[in-house]
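The values are calculated or read from the model by the stated rules, or taken from the named source; none is laboratory data. Treat the numbers as computed from the prediction; the structure is a model and nothing was measured. With ideal geometry, Cβ positions are generated from the backbone for all residues, glycine too; neighbour counts draw on all protein chains shown.
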Amino acid sequence: MSSLVDLYVVYRILRKLTTPFNKWEAFKTGVIDAQGNILKSSKERTLNDEQQSFNKFDLMILKLKKLLEKIPGGKNKFASYAAALLILREGEEIVDDEKLLEEKLEEYINDEYLMEDAPTNNVGGGNVKGMDGDGPSRAKSKKVRRKKFAGHEVFVVDTGRYMKSRFGKKKHTRYENYIGNDEVADAIREYSEENPSSSIILQDETTGAMLFLKYGKKHRF
């Protein structure tokens with residue numbers, strides 16, 4: 001499966017996981033309630049709207065979502081992302097084995113896919129390449145927020161910067177075209193120069209969604 005398809009699958013699962021049950025189409029048609037309990041079995045869904053609003057994919061996400069609610073740390077966005085990657089790697093069939101699913105989810109959330117905060121860079125501290133306390137000022141100063149996800153470097157960015165980068169950086173194009181020219185951009189460029197074989201992930205600070213700005217030779221999940 002290509003990386004583009006992988007990202008689409010993760011996005012689709014993540015979007016559904018982070019949508020409250022009372023916003024699902026299945027809730028509007030009366031198939032489930034606001035807590036995700038199924039009110040109508042497949043045999044009882046006689047109307048076309050009812051059948052279309054709740055399919056096998058919806059059932060899989062419902063089971064996953066309810067399980068996440070019971071696991072410590074399972075309600076945050078990073079846990080939802082880890083769950084989406086779990087389905088991508090293990091296959092949809094894992095949802096049918098609730099015990100195995102719970103074990104795998106806890107493993108992904110607490111170990112392999114735990115997001116860890118990295119030290120925050122700042123201009124005054126001289127941690128950003130080419131800048132120091134006496135260096136040129138910027139019109140708008142932003143803190144550099146970095147994390148680790150599945151062994152990859154993650155930079156948390158504003159939505160505008162995230163959207164400009166949604167198709168990834170093309171070879172031989174300048175980073176400035178995607179990430180601008182400020183402290184955050186400097187930190188991303190510096191990391192890329194120092195780690196040419198590593199991938200770079202951007203995370204939208206508003207939605208928590210992630211994308212690859214650059215795929216490195218070490219790209220893996």
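Values for this structure:
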{"quantity": "Criterion (modelled with pLDDT of 90 or more and not in a helix (DSSP H, G or I)) met by exactly one of PHE221, PHE155, PHE167", "calculated": "PHE155"}
{"quantity": "Matching residues in the stretch 21-38 - criterion: being part of a loop (DSSP other than H, G, I, E, B), loosely packed, with under 13 Cβ neighbours inside 10 Å and either free of Cβ contacts under 8 Å to residues at least 12 places away in the same chain or of a type in the set (D, E, K, R) (or both)", "calculated": "ASN37"}
{"quantity": "Residue ID - surrounded by the most Cβ atoms within 10 Å (Cβ to Cβ), chosen from residues in the stretch 46-93 that are free of Cβ contacts under 8 Å to residues at least 40 places away in the same chain and either among the hydroxyl-bearing types (Ser, Thr, Tyr) or in the same structural domain as MET210 (by TED's automatic domain parsing) (or both)", "calculated": "SER53"}
{"quantity": "Residue under evaluation LEU211, criteria (1) buried (at least 19 other Cβ atoms within 10 Å of the Cβ); (2) touching a helix residue (DSSP H, G or I) at 6+ places or on another chain (Cβ under 9 Å); (3) not polar (S, T, N, Q), criterion not met", "calculated": "(1)"}
